[in-house]
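These notes are about the structure you will find just below.
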Amino acid sequence: MSENKEQDLIMNLEYLLTGAEMASCDARTSNVIGIPSLVLMERAALSVADSVDVFLRKIFSGAGRGRRPVVLAAAGHGNNGADALAAGRILLDRGWDVRFCRLSGKISPDSSFAVQENILRQYGKDVAEFPDSLLSKVIKHQYLTGKALTNTSFSMGEPAAAVPDLIIDGLFGTGLSRDLSGQAAECVEAINFCRDRFGSYVVAVDIPSGISSDDGSVMGCAVRCDETATFAFYKRGHFLHPGTVYAGVCHLAQIGITWRAFEKMPSMFTLMDAEAADLLPVRDPGGNKGTFGKVLIAAGRRNMCGAALLAARACMAAGAGMVRIFTHEANRLIIQQAIPEALLDTFTDEETPARIAAKLRASLDWADIAAAGPAMGTDETAAALLCEILEYVQADGSRRPLRGLVLDADALRLLAKDDALCSLLAGRQPEIPCILTPHMAEFAALAGQSVPECIANRANLVQEQADRLRSTIACKDARTLVAQPSLPTKKEGVSGQGSQCGVDPVCRQYLNTTGNSGMAAAGSGDVLTGITAAFLALDFKNRTAADSSERSPLTPSEGSDLYPSEGSPFLSGSRSVLFTDAECSDGFAAAVAAACLHGRAGDLAAAEYGKQGMTAGDIAAQMRKASFWQKK
């Protein structure tokens, strides 16, 4: 960590591009900035060859297997295939035994692929079409004989030893727009068969063939890779499931395509290796328990206190100064025995709705942050409690405003079936941020669509709901997606008419890459609710001594419709910061930090207890360790 904390963090920020965004960057780098496409291709091929070279030298150095390893570069017709051919040529120059094959079909003589193929002809190397290739023989044996390929049965003109030790997958790249079928699907199946049966090591060029660069879905079929060598920027499909599994270990190489080629800034980003010390404001050494936030957690119906306990424990572990639980009287004994540090307010079934509402208002008067929903129920009492909270934050000026809301679980189910509650949420005081933390089923209910529909179009749908409800949404899944409400940008008016707002709204989305399958356990979401509420109480605007008025690394500099200025945070300048004041005010910064550190605590819990047996409580327990908050 350097003396400038923000500079180090910005260097850990990675944009996640769609296929269209990457194609635009590629084209603008060549056509506008002026770096020839063949120069970019040679750099990309060099990065692939380096990855292959490292593996081959590691496995086949010294005694090896007593033979020379075989490398197969499998190519499609586009730039991805041309990259594979160029990488194979570089490996030839390094002394490796490289074979080449491509999908059948006519090649444009003006294409980059034709250039690379012609270079190989000068090397005396042919690029066999798939029907004449080694991979085709694998498919023919499997389907014509109906028998599994074995070392002894593979005798169709090639010895078993000729099965590739390493395959470069260059069939299709980020521009794939249709499901694979026919010969392309056969080639993918042959590569997977070599990997599964013979242990062929597979390195993808940019992205595994058959994986959508936009959402990580499998387009008909896809190559299962051990490594992926990608260029310039990560793509969304590298991190979204199931694409992240198919990609294996992903390496990013800089080949000359930079942020200067952005036509507009990408909306999605992630953080690599971020820790608590990177993301949170410095803790005030002169603060008191009021300084670090008073959080009210409305959770737990009759005899359902587990969610309230988990949320409260996590909230305290995340640094909240004081926590008060508002729950059913039947939960009193267990809560006070389990977490004596928390304050407690209760209600009973015998009390009138007016009496319960009055109790809740008194609790809200005490609080800085209100979190509601975990195991709260969806009956009339729960609906009345949520309505009271949302009415409390309306812009009537009669009460001390809360500093923020966090809604989860049953609160979201109530919102999903009551448009009036949604209207109250969207119509709250503008300065009060709200963070919603739905899992996919809860989000589907909010969006009014099925879970599969939401999974297929999550980025767009989450953004739509964030805008509709005027709330930051942390949509929980194997990869949690955090979206803030769209912000208007300023653009110069026409003919001296001044600036205009709202012409091009900016959407920011954070894809969380921390966490693991062990966190798919009851109560994990309640822990996230508590963490989010604790972080929402923090003052992210005054997080460091750096000038918080600096532009975010996610948006262009003022006065430029395209490129940031030379002093921009995109250059990791000495005054760069991660979040703008607006992002701190609307809860986006708190939600990003909560999702990231919730996953990091889950990773530490998995390392200690194992994914199979870890519990939600183990996640919160990791945050109580001093090591969690210290910079490694």
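Residues of segment 334-381 being of a type in the set (Ser, Thr, Tyr), open to solvent by 50 Å² or more (accessible area, probe 1.4 Å) and touching a helix residue (DSSP H, G or I) at 6+ places or on another chain (Cβ under 8 Å), which ones?
Residues of segment 334-381 that are of a type in the set (Ser, Thr, Tyr), as a first pass: 346, 348, 352, 363, 378, 381.
Of the ones still in play, those that are also open to solvent by 50 Å² or more (accessible area, probe 1.4 Å) are 352, 378, 381.
Listed by number, the residues that qualify are Thr378, Thr381.
Under 8 Å between Cβ atoms, at least 6 apart or on separate chains: pull out the pairs that start in segment 311-325 with a residue that is in a helix (DSSP H, G or I) and end on any residue that is open to solvent by 20 Å² or more (accessible area, probe 1.4 Å) and modelled with pLDDT under 95.
Matching pairs, first to second residue: Ala317/Arg624.
Just checking, how many residues over segment 224-247 are farther than 27 Å from Phe193 by Cα and assigned to a loop (DSSP other than H, G, I, E, B)?
Residues flagged as farther than 27 Å from Phe193 by Cα and assigned to a loop (DSSP other than H, G, I, E, B) within segment 224-247 amount to 2.
Which residues, counting only those in segment 87-110, are in contact with a strand residue (DSSP E or B) (Cβ under 8 Å, 6 or more places away or on another chain), under 18 Å from Leu38 (Cβ atoms) and part of a loop (DSSP other than H, G, I, E, B)?
Those that are in contact with a strand residue (DSSP E or B) (Cβ under 8 Å, 6 or more places away or on another chain), under 18 Å from Leu38 (Cβ atoms) and part of a loop (DSSP other than H, G, I, E, B): none in segment 87-110.
Go through the residues of segment 277-296 one by one and say whether even a single one is buried (at least 22 other Cβ atoms within 10 Å of the Cβ), of a type outside the set (Gly, Ala, Ser) and in a loop (DSSP other than H, G, I, E, B). Spell out the reasoning first.
Restricting attention to segment 277-296, the residues satisfying the condition of being buried (at least 22 other Cβ atoms within 10 Å of the Cβ) are 279, 293, 295-296.
Add one more test, that the residue is of a type outside the set (Gly, Ala, Ser), and what stays is 279, 295-296.
If we keep only those that are in a loop (DSSP other than H, G, I, E, B) too, we end up with none.
No: zero hits.
Considering only residues that are outside any helix (DSSP H, G or I), closer than 16 Å to Ala74 by Cα and either open to solvent by 60 Å² or more (accessible area, probe 1.4 Å) or without any contact (Cβ under 8 Å) to a residue 24 or more places away in the chain (or both), which ones fall in segment 115-132? Give the steps one after another, and end with the answer.
To start, the set of residues in segment 115-132 that are outside any helix (DSSP H, G or I) comprises 123-129.
This time we only want the ones that are closer than 16 Å to Ala74 by Cα, so: 125-129.
Within segment 115-132, Lys125, Asp126, Glu129 meet the criteria.
Can you tell me how many residues in segment 521-532 are closer than 13 Å to Ala307 by Cβ and either touching a strand residue (DSSP E or B) at 6+ places or on another chain (Cβ under 6 Å) or assigned to a helix (DSSP H, G or I) (or both)?
Here the count works out to 7.
With the condition being modelled with pLDDT under 85 and charged (D, E, K, R), I'd like the helices (runs of 4 or more DSSP H) fully within segment 574-632 carrying at least 2 qualifying residues.
Values: elements: 581-585, 588-609, 616-622, 626-629.
Because the criterion is at least 2 residues that are modelled with pLDDT under 85 and charged (D, E, K, R), the helices (runs of 4 or more DSSP H) in segment 574-632 that meet it are 581-585.
Got at least one residue in segment 174-181 being polar (S, T, N, Q), at pLDDT 95 or above and open to solvent by 50 Å² or more (accessible area, probe 1.4 Å)?
As a first pass, look at segment 174-181 and keep what is polar (S, T, N, Q): 174, 177, 181.
Narrowing further to those that are at pLDDT 95 or above: 174, 181.
Okay, now just the ones that are also open to solvent by 50 Å² or more (accessible area, probe 1.4 Å), so 181.
Within segment 174-181, one or more residues are polar (S, T, N, Q), at pLDDT 95 or above and open to solvent by 50 Å² or more (accessible area, probe 1.4 Å).
Might you let me know whether segment 121-128 holds any residue that is at pLDDT below 95 and within 17 Å of Cys187 (Cβ to Cβ)? Spell out how you get there, then give the answer.
Of segment 121-128, the ones at pLDDT below 95 are 126, 128.
Subsequent filtering for residues that are within 17 Å of Cys187 (Cβ to Cβ) retains 128.
Within segment 121-128, one or more residues are at pLDDT below 95 and within 17 Å of Cys187 (Cβ to Cβ).
So Ser267 passes all but one of these: (1) surrounded by fewer than 22 Cβ atoms within 10 Å (Cβ to Cβ); (2) farther than 30 Å from Leu240 by Cβ. Which condition number does it fail?
The one condition Ser267 does not meet is (2).
Give the residues of segment 327-345 that are touching a Gly at 6+ places or on another chain (Cβ under 9 Å) and part of a strand (DSSP E or B), sorted by residue number.
Thr327, His328 - these are the residues of segment 327-345 that are touching a Gly at 6+ places or on another chain (Cβ under 9 Å) and part of a strand (DSSP E or B).
May I ask you to list the residues in segment 380-434 that are under 16 Å from Phe326 (Cα atoms), more than 30 Å from the chain's Cα centre (by Cα) and acidic (Asp, Glu)?
Matches in segment 380-434: Glu388 only.
Only one residue in Cys221, Cys250 is open to solvent by 20 Å² or more (accessible area, probe 1.4 Å), in contact with a His (Cβ under 6 Å, 6 or more places away or on another chain) and either part of a strand (DSSP E or B) or free of Cβ contacts under 8 Å to residues at least 60 places away in the same chain (or both). Which one?
Working: Cys221 fails: in contact with a His (Cβ under 6 Å, 6 or more places away or on another chain).
Only one candidate passes the filter, namely Cys250.
Which residues, taken from segment 346-365, are among the polar types (S, T, N, Q) and not in a strand (DSSP E or B)? Can you show your working first?
First, pick out the residues of segment 346-365 that are among the polar types (S, T, N, Q): 346, 348, 352, 363.
Passing the criteria: Thr348, Thr352, Ser363.
The values are calculated or read from the model by the stated rules, or taken from the named source; none is laboratory data. Bear in mind the structure is a predicted one, so any value in this text is a computation, not a measurement. Every residue, glycine as well, gets a Cβ built from its backbone with ideal geometry; the counts of neighbours run over all protein chains shown. Just so you know, the surface numbers come from the protein's heavy atoms only, side chains and all, with ligands and any DNA or RNA stripped out. Shrake-Rupley method; radii C 1.70, N 1.55, O 1.52, S 1.80 Å.
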